[in-house]
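Below is one structure, written out as structure tokens; the observations come after it.
Please treat every number below as a calculation from the coordinates, not as lab data. Bear in mind the structure is a predicted one, so any value in this text is a computation, not a measurement. Methodologically, a virtual Cβ is constructed for each residue, glycine included, from the backbone with ideal geometry; neighbour enumeration extends over all protein chains shown.
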Amino acid sequence: MATVKKRKVDAECRVFQEKWTNDFFFVEVKGKPVCLVCGEALAVMKKANVERHYSSKHAKLDELKGQMRLDKINALRRSLGAQQAAFTRPQTDGENITRASFVVSELIATKLKPHAEGEFVKECLVAAAELLAPDKVKLFQSVSLSRRTVSERITDMAQDIEKTLKNTARDFEYFSLACDETTDITHTAQLAIFLRGITSEFETKEELLSLQAMHGTTKGEDLFNQVIVAMNNFELPFEKLSGIATDGAPAMVGAQKGLTALVKKEMSRLSLDPSDLVVCHCIIHQESLCAHSLKLNNVMTTVVSTINFIKSRGLNNRQFKELLSELESEYGDLVYHCEVRWLSRANMLARFYTLREEVRRFMEMKGKPAMELSDGKFLRDLAFMVDISKHLSELNIKLQGPNQLISSLLSNVKSFEVKLRLWQGQLERGNTVHFPTLQEQKPDVTTEYAGECAKLIQAFDERFHDVKNIQKELDVFATPFNVQPSDVPDNLQMEIIDLQNNNELKAKYHNLSLLDFYKLYVRAEDFPILRRHALKFASLFGTTYRCEQFFSKLTLAKNRFRSRLTDSNLENQLRVASSSLPADIRRLAREKQFQPSH
């Protein structure tokens with residue numbers, strides 16, 4: 001005898017119908033029909049059951065018609081909502097209070113403030129609430145923002161960001177590292193390691209991989225060990241490592257015991273080809289070193305010594321500012337120059353040139369006349385330095401910024417080299433069209449300045465070999481329609497030919513950004529080797545800009561007032577402050593047991 005399956009109500013896929021609200025005063029709550037009048041919940045979502053309940057218990061409501069019926073339904077809805085909120089509000093308030101604690105702690109970390117600032121922020125919140133929302137004061141008083149709590153919240157968020165980064169890194173096809181080192185206020189060496197990874201869909205991420213405090217030596221082997229620890233923590237395999245960008249220090253690039261040399265040895269040990277690793281000396285740093293080849297030392301010596309005389313003494317500086325005010329000068333003060341800050345020289349020279357007459361007058365008043373400011377040769381040299389420093393600063397600014405492709409960085413450098421050759425030829429002929437400040441001085445002969453351009457050209461030629469050595473590979477990546485198939489690696493030649501003869505792809509290439517072109521139109525089915533090639537070179541760091549930017553935040557976070565900040569707290573705060581990956585504060589708040597502040 002065949003068995004008869006027992007009918008299950010859940011299997012009948014019954015759904016609540018909106019018209020039941022108007023016809024029978026019922027609404028759906030958590031998958032069950034609930035009467036708005038008496039609050040009774042029925043077991044089965046069935047019209048007959050709903051109608052039977054209404055007819056037997058609330059038939060008198062049939063008297064209500066039209067707008068009066070709708071008004072009654074809305075009033076009952078609000079009443080039911082208030083009843084439900086009475087049971088859920090305590091839990092919701094507790095979660096929101098915890099979330100508020102996380103949000104404020106995140107702001108403290110992002111703004112690089114001391115953790116103890118949380119208590120001051122709470123005082124401000126309570127004071128504001130007493131005036132704006134007196135009935136909510138107790139909620140604000142319940143937000144826990146003690147120093148210990150803020151520290152714990154920042155740690156939780158940093159760990160959540162680490163977890164997200166670790167999960168994201170699993171999808172990377174290639175990744176590169178940027179490594180740089182600095183010394184903090186306590187003379188502790190800090191090694192910053194940044195990660196740039198790319199997924200198969202050409203989505204890139206630049207994130208802090210690790211900040212390692214080096215309390216002992218900082219040899220290449222020490223740096224290598226820290227890099228290995230960081231890669232293991234995030235499960236990053238050497239098979240996907242495409243390149244390393246460094247500041248060019250011996251410990252980083254030493255031929256035998258430098259970081260990059262040890263990384264290549266490790267790749268060889270793992271049966272990987274170390275020649276596939278692209279090692280790059282920070283392009284911004286190399287550009288700055290090229291700028292130092294300018295030999296007009298008489299200008300810098302005079303300008304720096306004069307500025308130091310005026311600004312390093314409080315009385316002199318006040319009197320100079322007063323003189324500028326009386327003369328209604330364009331600027332109110334001079335600008336200091338610092339060798340570490342690469343862009344400061346251009347601003348300093350331009351300001352000094354603009355205020356040269358005021359400076360000359362002030363130095364005479366002080367009995368220390370600057371004779372050079374009355375010398376035509378010196379003023380012409382100064383004017384040339386103003387212009388060439390401005391050009392170098394403009395290049396430097398173009399090289400800065402996150403998420404820059406190494407091909408774009410090299411293009412900017414090559415463009416500047418072409419400009420230098422143009423300026424050299426023009427200055428040899430006495431043409432100062434691209435040197436407006438020098439033009440003001442109306443020089444008779446400019447061959448000396450053409451020689452300075454020649455020195456810069458030589459300096460640029462002697463540097464950037466690391467990226468110029470991969471010029472062909474970069475051309476295949478950045479300008480695949482312009483390369484000669486015979487000049488590209490053998491394994492790419494057939495795909496390059498197919499690509500160059502596809503007119504549709506050529507049109508798309510000119511109308512899209514480079515990464516979008518590869519993502520959308522260079523499909524793995526049609527161009528598997530070219531797409532892999534593009535992924536590798538799109539993943540490369542060309543500068544250590546992210547490290548330098550990060551060190552600025554480190555200096556603010558660990559200063560003389562916070563010199564005892566622990567290594568772990570420093571890393572956690574800087575991770576939260578610098579990451580583009582948001583912490584899941586809502587989930588973190590739910591997982592925390594609410595404990596009101598006393």
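Brief remarks on what is shown
- Taking the square roots of 5 times each eigenvalue of the Cα gyration tensor of region 415-475, largest first, gives ellipsoid semi-axes of 30, 11, 8 Å.
- Over all other residues within a Cβ to Cβ distance under 15 Å of GLN141, the charged ones net out to -2, with Lys and Arg as +1 and Asp and Glu as -1.
- Applying the criteria of a DSSP loop state and at most 12 other Cβ atoms within 10 Å to the GluC sites (Glu not before Pro) of region 469-559 yields GLU525.
- Ellipsoid semi-axes in whole angstrom, largest first, where each is sqrt(5λ) of the Cα gyration tensor of the chain: 62, 37, 26
- Using only alpha-carbon positions in region 276-406, the gyration tensor eigenvalues give semi-axes of 33, 16, 12 Å once each is multiplied by 5 and square-rooted (largest first).
- Relative to one another, the C-alpha centroids of region 399-418 and region 498-525 are positioned 22 Å apart.
- VAL278 long-range amide H proximity, modeled H, under 5 Å: GLY243, ILE244
- Dipole of the chain [Lys/Arg +1, Asp/Glu -1 at C-beta], most positive-end residue of VAL34, SER312, LEU125: VAL34
- Volume of the Cα convex hull of region 22-136, divided per residue and given in Å³: 164
- Taking Cα atoms only, the orientation of helix 344-354 departs from the longest principal axis of the chain by about 60 degrees.
- Largest-first principal axis extents, alpha carbons of region 477-598, Å: 73, 36, 26
- Lys pairs, region 76-188 - Cα-Cα below 20 angstrom, 8 or more residues apart or on other chains: 4
- When the GluC sites (Glu not before Pro) in region 211-296 are filtered for DSSP coil states and for at most 16 other beta-carbon atoms within 10 Å of their beta-carbon, the remaining sites are GLU235.
- CD proxy at 222 nm, helix term only [per DSSP H run n ≥ 4: -39500 (n - 2.57); per residue of the chain; nearest 500]: -18000 deg cm²/dmol
- Filtered trypsin sites (Lys or Arg not before Pro), region 387-469: DSSP coil and at most 15 other beta carbons within 10 Å: ARG429
- Contact order relative to length of the chain, as percent, for alpha carbon pairs under 8 angstrom and 6 or more apart: 20
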